[in-house]
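The values are calculated or read from the model by the stated rules, or taken from the named source; none is laboratory data. Because the structure is predicted, anything quoted here is derived from the model rather than measured. We place every Cβ from the backbone using ideal geometry, glycine too, and count neighbours over all the protein chains shown. Surface accessibility is based on the protein's heavy atoms, side chains included, excluding ligands, DNA and RNA. Shrake-Rupley method; radii C 1.70, N 1.55, O 1.52, S 1.80 Å.
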Amino acid sequence: MRPQAPPEVLNETSDKPCILVVDHASNHIPSDYAGLGLSDDVLSKHIAFDIGIAAVARQVALQAGVATIMAPCSRLLVDPNRWTEDLGCIPEISDGIRIEGNEALCTGSRAARLERFFWPYHERIGTILARLTRQHPRIVFLGLHSCTRVLGDMHRTGDAGTFWNENETLSRIIVDRLTNRFGLKARGNYPYDGKDGSFTIDYHTWGQGHLACGLEILNDRLQTPEQIAQWSERLCDILHTAMAEVKVNTPDRLANPAL
């Protein structure tokens, strides 16, 4: 039995009503998988991880002091933001590139990947979330991602977008702050529509009354240390605003901003 790969956790004992999760923080592939047959050049691309987002998450964790959980290995090995039965959870092709080490996997090999990489990440999120919800009736649950400007024939516009499903409150806060405070171009449920489902957010927060959504930052906005620092400052501002919201509003009011 190969050892499990634990996630990277920052501020694990924080008592602030917030969790950051980073599903695609790393492009690491353990040596026993031989890089899935891919070159280092391919593993440096967006298909292997969310470029720039781990650096942002670490700075936000340091500055805001919130619990932060980052998946330890490449999304090509196993994608922790996909349902386990989804073929994209262990993809055989990504953005037109064949993933040879994922082709024709048997049921046992797929199960071993999930046991080693997928479930330890989600179990740690669940443990921290359970502890925080014993202290706070609601928390801010934000999934951090970056995405490429061009995917296939799609050209994405703007600077960032959110994806949400059950409750728009956190998305609305993010879009408002990015647009009206920081002068950026952002919108909700773009470039991905959270109504189509997002495993990590839905699995951990559905029906719990938390403020939950994902944020996609265009990765050409995360190319320099200055850009990383700027986004970290913006996210700290957003999280402080959102945490203040969960402390003063009831679950019913959060769910219905017209109240």
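Of everything in region 7-32, what is crowded, with 17+ Cβ neighbours inside 10 Å, over 17 Å from the mean Cα position of the chain (by Cα) and either hydrophobic (A, V, I, L, M, F, W, C) or within 27 Å of Thr148 (Cα to Cα) (or both)? Give them in sequence order.
Ile29
Suppose we filter region 203-236 for residues that are more than 14 Å from Leu144 (Cα to Cα), open to solvent by less than 30 Å² (accessible area, probe 1.4 Å) and among the acidic types (Asp, Glu); how many remain?
Selection size over region 203-236: 0.
If you take the residues in region 144-158 that are crowded, with 20+ Cβ neighbours inside 10 Å and of a type outside the set (A, V, I, L, M, F, W, C), which one is farthest from Cys18 (Cα to Cα)?
Checking each candidate, the answer is Ser146.
For region 7-27, which positions are in a loop (DSSP other than H, G, I, E, B) and among the hydrophobic types (A, V, I, L, M, F, W, C)? Walk me through how you get there before you give the answer.
We begin by selecting, within region 7-27, every residue in a loop (DSSP other than H, G, I, E, B); these are 7, 11-17, 23-27.
Of everything in region 7-27, just one residue is in a loop (DSSP other than H, G, I, E, B) and among the hydrophobic types (A, V, I, L, M, F, W, C), namely Ala25.
Out of the residues in region 187-202 that are open to solvent by 20 Å² or more (accessible area, probe 1.4 Å) and in contact with a Gly (Cβ under 6 Å, 6 or more places away or on another chain), which is nearest to Ser232 (Cα to Cα)? Write out each step before concluding.
From region 187-202, those open to solvent by 20 Å² or more (accessible area, probe 1.4 Å) are 187-193, 195-197, 202; that's our starting set.
Next, only the ones that are in contact with a Gly (Cβ under 6 Å, 6 or more places away or on another chain) stay: 187, 190-191.
Numbers: Arg187: 19, Tyr190: 21, Pro191: 21 Å.
Of everything passing the filter in region 187-202, Arg187 is nearest to Ser232 (Cα to Cα).
Residue check, Gln4 against (1) open to solvent by less than 30 Å² (accessible area, probe 1.4 Å); (2) part of a loop (DSSP other than H, G, I, E, B), all met but one. Which one?
Only one criterion is unmet by Gln4, namely (1).
Hey, can you tell me all the residues within region 166-185 that are hydrophobic (A, V, I, L, M, F, W, C) and in contact with a Gly (Cβ under 6 Å, 6 or more places away or on another chain)?
Result: Val175, single match.
Of all residues in region 1-57 being touching a helix residue (DSSP H, G or I) at 6+ places or on another chain (Cβ under 9 Å) and charged (D, E, K, R), which is modelled with the lowest pLDDT?
Filtering first and then ranking leaves Arg2.
Does Gly88 fit the bill of being touching a Gly at 6+ places or on another chain (Cβ under 9 Å) and not in a loop (DSSP other than H, G, I, E, B)?
Here the answer is no, as Gly88 does not meet what is asked.
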